[in-house]
Amino acid sequence: MLTKEENELLTRVGPDTPAGELLRRYWHPVAIAQELTPEHPTKFVRVLGENLVLFRDKLGRVGLIGDRCSHRSASLCYGRVEERGISCAYHGWLFDTQGNILETPPERNEAIINSVKHLAYPVRKFVGMYWAYLGPEPAPLLPPYDLFTKPTGSRQLVVHPMLDCNWFQAMENSADPDHLQILHQEFLTRPGHEPVNSTRGFIDEVAATDFYTTDFGLMKKRTYKDGRVDEHPLIFPNMLRQGFGMQIRVPVDDTHTLHFQLFYTPGDDPIDASADLPVEWKEPYKLPPSALHPYARYTMDSVLAQDHAMWETQGPIADRSLEHLSYSDRGVALLRKVMQEQLDVVARGGDPMGLYRRPEGLIVDTNYEESVKAEGSAVPALITAEMHRIKVPAATADD
Ligand code: FES
Ligand SMILES: [Fe+2]
């Protein structure tokens, strides 16, 4: 149980909040590369409580700038792009990708051009997405984790529906291994392998769960009674690697979260790091798609639909002053402790965990190959296939 103040500290992501400061130390994906096209060169982006516009000018340069025009606040989402940048639809003020004001029609106001800088953040294309950095310079490296950086094989992306709740609920779920055998029991069921009852699901197959911190976050570990083990690293602050997939939860604001998933398939083919990736956009996990509990009904027809239902029905921001943590919530408690420690590091001016500044080209090994091999025996191919709905590499099926 947390006090209301502790809950606020963990969950608020806007500028000038402690967790907002922490999250601004990391790059975050904000759009899929294919979302910017010559026909639609702008996209409204809300991230960490800030309203921004992503655009690509006619020279191919991509910018992420404040949504409200520095002139009189019209949205630059409706701006027209040209070679030099984006021109506000209202009176034509022209901005480049760095936020410099280049023109102020109808007159040329040198005083404004020389003194006003429009809000602009660095943006980079990486693993088929545009990533934004909203923190202090110098920016760290883009996240150099193995699934993102292995030079051969292939990658693809899944975009889940917008999650209408706070990002930390999804992350607490990533430190909560026991829900798999209960919440997702239908997807573990197969002929001859039935849940003992709906209350316990398959939980009696698990002998123990354990949690420990790593250089880049924390590990949740399951040991089954038959000796199988699986481990899924939570990559601080907002990613979860499960086998060959990486879930990324990006705080849009305090009560909304983008949810991307990247899949890596090993292979010998070289990967063109600048290429767009195949993308699957998931159908809504609830109807009506934009309603909140209790006015929405969740489909519960997939693992991720079940997860979204549990995360959202905890509330837009779960009130942790009402909870009753048990022994099986040790991972949740550890994540909160790690979060508090990292908030303290940032408050003292340090770099939080999982930031990398050198060398360029670094690949951080999350022990992906070993865990996929171990997981193959622990998580049935059914759940793997259902979650990913893509071709499952043979190594994860049943070896
Ligand atoms: S509001 Fe943008 S140019 Fe006037
Ligand atoms: Fe789950």
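The values are calculated or read from the model by the stated rules, or taken from the named source; none is laboratory data. Because the structure is predicted, anything quoted here is derived from the model rather than measured. Cβ coordinates were reconstructed from backbone atoms using ideal geometry, including for glycine residues, and neighbour counts include every protein chain displayed.
Here are the numbers for the structure shown:
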{"quantity": "Test result for L119, of a type in the set (A, V, I, L, M, F, W, C), outside the structural domain of P233 (by TED's automatic domain parsing) and either under 30 Å from P316 (Cβ atoms) or under 32 Å from the mean Cα position of the chain (by Cα) (or both)", "calculated": "yes"}
{"quantity": "Any hit, the stretch 189-202, residues being within 14 Å of the chain's Cα centre (by Cα) and surrounded by fewer than 22 Cβ atoms within 10 Å (Cβ to Cβ)", "calculated": "no"}
{"quantity": "Test: residue in the stretch 263-271 that is assigned by TED's automatic domain parsing to the domain that holds L334, farther than 16 Å from L334 by Cβ, in contact with a His (Cβ under 9 Å, 6 or more places away or on another chain) and at pLDDT 95 or above", "calculated": "yes"}
{"quantity": "Cross-chain or 6+ apart pairs with Cβ under 9 Å, the stretch 49-63 first and assigned by TED's automatic domain parsing to the domain that holds A74, then of a type in the set (G, A, S) and not in a strand (DSSP E or B)", "calculated": "G49/G14; G49/G20; E50/G14; V53/G79; F55/G79; G63/G99"}
{"quantity": "Test result for A139, part of a loop (DSSP other than H, G, I, E, B), more than 16 Å from ligand 1 (Cβ to nearest atom) and in contact (Cβ under 8 Å) with a residue 12 or more places away in the chain", "calculated": "yes"}
{"quantity": "Any hit, the stretch 17-29, residues being under 23 Å from P138 (Cβ atoms) and exposed (fewer than 15 other Cβ atoms within 10 Å of the Cβ)", "calculated": "no"}
{"quantity": "Complete set of residues in the stretch 195-221 that are in contact with a helix residue (DSSP H, G or I) (Cβ under 9 Å, 6 or more places away or on another chain) and assigned to a loop (DSSP other than H, G, I, E, B)", "calculated": "P195, V196, S198, T199, R200, G201, F202"}
{"quantity": "Whichever residue in the stretch 145-185 is of a type in the set (S, T, N, Q) and assigned to a strand (DSSP E or B) and, among such residues, is surrounded by the most Cβ atoms within 10 Å (Cβ to Cβ)", "calculated": "Q156"}
{"quantity": "For T313: the one exception among (1) of a type in the set (V, I, T); (2) within 16 Å of ligand 2 (Cβ to nearest atom); (3) in contact (Cβ under 8 Å) with a residue 40 or more places away in the chain; (4) closer than 20 Å to N7 by Cα", "calculated": "(3)"}
{"quantity": "Candidate set from the stretch 329-362 (those that are of a type in the set (D, E) and part of a helix (DSSP H, G or I)); member that is farthest from F216 (Cα to Cα)", "calculated": "D329"}
{"quantity": "Residue tally, condition of a type in the set (A, V, I, L, M) and either under 18 Å from A139 (Cα atoms) or part of a helix (DSSP H, G or I) (or both), over the stretch 1-16", "calculated": "2"}
